[in-house]
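See structure below.
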Amino acid sequence: MFPDLDTPAARAAAILKEIRAVSAGHVAGYGEIARRAGMPGRARLVAQVLRKYGAPDLPWYRILRSDGSIAFPAGSSSYREQGQRLRAEGVRVVKGRVVGLKATASVDEQIWGPA
DNA sequence: AGCCTGACAAGGT
DNA sequence: AACCTTGCCAGGC
């Protein structure tokens, strides 16, 4: 059978694939990644996968909350690194929130690109 | 099986 | 925009 989403590892793989699909200068929401991976409503699983399966080459910093804000506690080292990495790609970040990007898909989908 | 946790989301104030 | 409350659901114990 084709590798379905019936095992934690398979779900993680599908999620990681969608995260890698977000190109530089773009950002996406946890929920949108979940939907694209075939798991609508499982934003929290995306977060869990990022925490557990973090890899050096994974663009984890392009994943934000549905309102465009950074999910880490303000001031934490991860929070600072995420902001720094995003700005390095030309994304404007003000007080922990991405601004100035426009929706690439429909208004309801949390994926944004350069304005 | 049950309970708690969490890099979340949506809706209301 | 900022908060708070509810709903959510896989994972880990």
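The values are calculated or read from the model by the stated rules, or taken from the named source; none is laboratory data. A quick note: this is a predicted structure, and the numbers were derived from the prediction, not measured. These area figures cover heavy atoms from the full protein model, side chains too; ligands, DNA and RNA do not enter into them. Shrake-Rupley method; radii C 1.70, N 1.55, O 1.52, S 1.80 Å.
So if I take the alpha carbon set of segment A:2-115, get Rg, then get Rh from the Kirkwood formula, what is the Rg over Rh ratio? Write out the running numbers ahead of the final one.
Details: Rg = 13.6 Å, Rh = 14.2 Å.
Using only Cα positions, Rg/Rh for segment A:2-115 is 0.96.
How much of the accessible area of chain A, probe 1.4 Å, is carbon plus sulfur, in whole percent? Let's see the in-between values first.
Numbers: 3680 of 6930 Å².
So the carbon and sulfur contribution to the accessible surface is 53 percent.
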